[in-house]
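J.: One structure, as structure tokens, below. Some questions next.
The values are calculated or read from the model by the stated rules, or taken from the named source; none is laboratory data. This is a predicted model, so every value here is computed, not measured. Glycine also receives a Cβ, built like all others from the backbone with ideal geometry; neighbour counts cover every protein chain displayed. For accessibility, only protein heavy atoms count, side chains too; no ligands or nucleic acids. Shrake-Rupley method; radii C 1.70, N 1.55, O 1.52, S 1.80 Å.
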Amino acid sequence: MDERVLVVEDDPSIRELAELALTRAGFRVATAGDGEAGLRRAQSDHFDLVILDVMLPLRDGFEVCRELRRTSSVPIVMLTARSDTVDVVVGLESGADDYVTKPFETPELIARVRAVLRRAASASQEHALAIGELELDPAAYVARRAGRELELTTTEFRLLLELASRPGQVFTRELLLELVWSYDYLGDSRMVDVAVGRLRAKIEDDPGHPRLIKTVRGVGYRFDRPATTG
């Protein structure tokens, strides 16, 4: 295993705990103690995944996440203090791929990191897909609409790939959690709804009245094949 992970956490004890656990699990780990240093390190070096605390000095985790998303699709796992606060939703809306609540057990952190990396790697084995104006290249993690490249996070790309691969099929939130987030238990359905909202904003002409990703009330979501003209 040669994946590189950047841990951005201002609490020395948590930072050292995460670094030790990740190193023992076979990852190469770098650390930063504030948001400004973490952002500089993430932008100047290559990492396969970034672990980002929400509450950071100089720049908070949300700001760092949004700034990274301007130029990078690197998988991001947020560390949040509680699972029932707005931190979770705001983090996901900022472009994070997953979150871990503090205090956490190190096996949970390692499992989440491996799941996010596994999702990123699995898409490279998929075949290219073209449906209407959409073109998806899983090997390159590139999505285009009408020839224009879309700025999708790894999670948004996986979500679009799963939905578009089976147009007309209704996906429950639980199934999408399993397919996209690799959760084989009842996870947080807010992640699905937030990710769908972000994806709609990037691929729909009118996100408020989506034509591609439809909500099936009380069930989940369905991708509709674009109507042909002419």
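J.: Which residues' amide hydrogens lie under 5 Å from the amide hydrogen of V100, considering only partners 5 or more residues apart or on another chain, with H built in the peptide plane?
T.: Under 5 Å from the amide H of V100 lie the amide H atoms of M78, L79, T80, each far enough along the sequence or on another chain.
J.: Further question: Output needed: percent of Cα pairs per 10 Å distance bin for the chain, bins running from 0 to the one holding the longest distance.
T.: Going from the shortest bin to the longest, the percentages are 8, 34, 35, 18, 5, 1, 0.
J.: Pull out a ≥ b ≥ c, the square roots of the eigenvalues of the alpha-carbon gyration tensor of the stretch 18-110, then state rounded if a/c is under 1.5, prolate if not and a/b is larger than b/c, and oblate in the remaining case.
T.: Numbers: a/c = 1.55, a/b = 1.03, b/c = 1.50.
It comes out oblate by the Cα gyration axes.
J.: Based on the Cβ-Cβ distance from H127 to S44, what FRET efficiency comes out when R0 is 30 Å, to the nearest 0.05? Can you show the working numbers first?
T.: On the way: r = 35 Å, r/R0 = 1.15.
Once rounded, the FRET efficiency stands at 0.30.
J.: Leaving out ligands, DNA and RNA, what percent of the accessible area of the stretch 7-91 is carbon and sulfur, probe 1.4 Å? Numbers along the way, then the final one.
T.: Numbers: 1920 of 3930 Å².
Roughly 49 percent of what the probe reaches on the stretch 7-91 is carbon or sulfur.
J.: Does the stretch 75-176 come out rounded, prolate or oblate by the C-alpha gyration tensor, with a ≥ b ≥ c the root eigenvalues, rounded set by a/c under 1.5 and, if not, prolate when a/b is larger than b/c and oblate if not? If you can, show how the numbers build up before the last one.
T.: Details: a/c = 2.11, a/b = 1.95, b/c = 1.08.
It is prolate, given that a/c is not under 1.5 and a/b is the larger ratio.
J.: In addition: Explain nothing, just the number: relative contact order of the stretch 42-148, from Cα pairs under 8 Å at least 6 residues apart, as a whole percent.
T.: Dividing the mean separation by the residue count of the stretch 42-148 yields 19 percent.
J.: Could you order the peptides 29-37, 59-67 from most to least packed, using the average number of other C-beta atoms within 10 Å per residue? Before the final figure, lay out each step's value.
T.: Values: 29-37: 19.0, 59-67: 20.8.
With the highest mean Cβ count within 10 Å placed first, the list reads 59-67, 29-37.
J.: Starting from 0.36 nm per residue, how many nanometres of slack lie between E105 and T23 once their C-alpha separation is accounted for?
T.: 28.0 nm
J.: Just to confirm, what accessible area per residue do you get for the stretch 1-45 at 1.4 Å probe, in whole Å²?
T.: Working: 2260 Å² over 45 residues.
Each residue of the stretch 1-45 exposes 50 Å² on average to a 1.4 Å probe.
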